[in-house]
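The values are calculated or read from the model by the stated rules, or taken from the named source; none is laboratory data. Worth saying up front: this structure is predicted, and the values here are computed from it rather than measured. All Cβ positions, even for glycine, are placed from backbone atoms using ideal geometry, and neighbour counts span all protein chains on display. With ligands, DNA and RNA removed, areas are computed over all heavy atoms of the protein, side chains included. Shrake-Rupley method; radii C 1.70, N 1.55, O 1.52, S 1.80 Å.
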Amino acid sequence: MKRSILRIAILGAMLMSTLPSRGTAAASGTAKKSFGKTPEGEAVELYTLTNKNGVEASISTYGGAVVSLKVPDLHGTFEDIVLGYDSVDGYVSDKSYFGALIGRYGNRIGHAQFSLDGNTYTLAKNNGQNSLHGGIKGFNKVVWTAKEIPAKDGQALELTYASKDGEEGFPGNLNVTVVYTLTDSNELKIEYSATTDKKTVVNLTNHSYFNLVGVGLGSGDILKHVLMIEADKFTPVDAGLIPTGELRAVAGTPFDFRKPTAIGARIDANDEQIKLGGGYDHNFVLRRKPGDGLALAARVTEPTSGRIMEVWTTEPGVQFYTGNFLDGSARGKGGVAYAKRAAFCLETQHFPDSPNQPKFPSVVLSPGARYHTTTVYKFSTQKGREVTIHKSPSH
Ligand code: GLA
């Protein structure tokens with residue numbers, strides 16, 4: 001008797017572990033809990049958005065960071081696919097910008113300086129001679145005000161931050177709103193908007209690091225992930241990773257991802273630009289026409305899990321970064337050490353150093369105008385390496 005009960009229990013457990021968890025019992029909604037306090041004693045919250053398929057995105061009010069993102073594989077098994085930390089303390093000491101909102105200026109401004117209407121603005125040099133990701137205390141190191149807001153097609157969280165005139169050297173009081181929406185079509189949509197009271201420069205992005213196998217112990221590197229980028233050109237850089245101003249054709253270079261190619265296929269190529277970046281750390285010029293709206297920028301396929309991530313954006317560029325500066329010293333969620341190339345980033349943006357590059361699309365925001373950009377990370381699954389074009393995300 002006992003033995004047969006045991007057998008049934010074992011069979012049941014086996015069956016459960018093979019059953020897809022997709023669609024089971026996941027109640028959609030938004031939950032909120034404490035994520036700790038900043039060293040100054042400010043309370044930080046963690047919001048968890050769950051959609052009707054059980055996909056989950058957790059967002060911290062500190063840095064507006066995406067702390068975890070759980071999406072299913074081919075068999076319906078959910079894994080967290082973004083690097084991050086277990087509590088706010090990790091984000092306070094973080095130097096890698098895991099999951100964070102980046103501003104006022106995503107990526108580098110050469111010599112930490114730019115001019116607008118004859119006025120020269122000097123920023124903090126927090127990356128060699130240059131300014132990186134908004135300065136010493138960028139938008140990734142501030143506490144945002146959060147509000148759950150209604151969404152037609154999922155769960156939405158609105159974050160706001162008022163950046164003061166002169167903050168980190170940038171002119172103008174800038175009011176920033178970022179809305180994260182987790183849709184029922186398994187998209188994480190990020191809408192950025194801002195207004196200013198004085199002419200300034202703005203370039204907002206999100207710095208999530210993805211590993212589509214999952215980010216737990218033993219996930220390994222991202223070299224076998226297959227990437228396609230909708231770009232015929234990229235912006236080559238100098239030794240300080242500042243664009244030279246050239247828009248160079250990707251054809252015949254390791255930067256040609258027009259056809260799906262493994263990230264690792266040419267990452268150690270004997271190529272000047274690859275060497276300067278220590279791998280990929282470059283802005284790609286997206287193939288788009290004015291008025292295109294939200295367009296496909298990149299698609300990443302992970303062959304073993306079957307997870308696919310598409311990036312759609314209204315932005316003209318995307319920074320493809322392969323975690324070259326990760327060295328295992330950052331201990332993330334569950335104490336996992338994040339090694340070099342444990343994850344990749346696709347940071348949608350205007351081009352680095354645009355304030356000093358008259359030929360690049362403008363990043364100037366004037367009083368009375370509204371900065372507004374949208375980026376969507378869309379998740380799906382498919383067997384094998386073959387990928388088809390998916391329909392445009394809901395927006
Ligand atoms: C961006 C930069 C990289 C690096 C990372 C953060 O992707 O281009 O050089 O600074 O952010 O570590």
*Restrict the check to region 286-306 and report whether at least one residue is part of a strand (DSSP E or B) and over 23 Å from residue 187 (Cβ atoms).*
no
*Test set (1) more than 12 Å from the ligand (Cβ to nearest atom); (2) in a loop (DSSP other than H, G, I, E, B) - residue 372 fails condition number*: (2)
*Out of 328, 323, 334, which single residue is outside any loop (DSSP other than H, G, I, E, B) and closer than 30 Å to residue 89 by Cβ?*
334
_Taking the condition of being part of a strand (DSSP E or B) and of a type in the set (D, E, K, R), how many residues in region 132-154 meet it?_
2
*asked:* Tell me yes or no: at least one residue of region 239-261 is within 13 Å of the ligand (Cβ to nearest atom) and out of contact with any Gly (no Cβ under 8 Å at 6 or more places or on another chain).
replied: yes
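Can you tell me which residue within region 66-84, out of those that are open to solvent by less than 20 Å² (accessible area, probe 1.4 Å) and of a type outside the set (A, V, I, L, M, F, W, C), is farthest from the chain's Cα centre (by Cα)?
By that ranking, first place goes to 76.
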*asked:* Within region 258-311, take every residue that is touching a Phe, Trp or Tyr at 6+ places or on another chain (Cβ under 8 Å) and β-branched (Val, Ile, Thr) and give me the one that is nearest to residue 237 (Cα to Cα).
replied: 274
*Please go through region 203-218 and pick out each residue that is over 30 Å from residue 174 (Cα atoms) and surrounded by 20 or more Cβ atoms within 10 Å (Cβ to Cβ).*
211, 212, 213, 214, 215
*Is it the case that some residue within region 132-139 is open to solvent by 20 Å² or more (accessible area, probe 1.4 Å), of a type in the set (Val, Ile, Thr), on the phi < 0 side of the Ramachandran plot and within 16 Å of the ligand (Cβ to nearest atom)?*
yes
*Hits in region 262-277 - residues which are outside any helix (DSSP H, G or I) and surrounded by fewer than 16 Cβ atoms within 10 Å (Cβ to Cβ)*: 268, 269, 270, 271
*Pick from region 85-131, criterion more than 15 Å from the ligand (Cβ to nearest atom) and assigned to a strand (DSSP E or B), ranking: surrounded by the most Cβ atoms within 10 Å (Cβ to Cβ)*: 114
*Considering region 303-340 alone, what residues qualify as being within 16 Å of the ligand (Cβ to nearest atom), of a type in the set (S, T, N, Q), within 30 Å of residue 363 (Cα to Cα) and open to solvent by 10 Å² or more (accessible area, probe 1.4 Å)?*
324
_Any chance residue 261 is under 22 Å from residue 311 (Cβ atoms) and among the β-branched types (Val, Ile, Thr)_ = yes
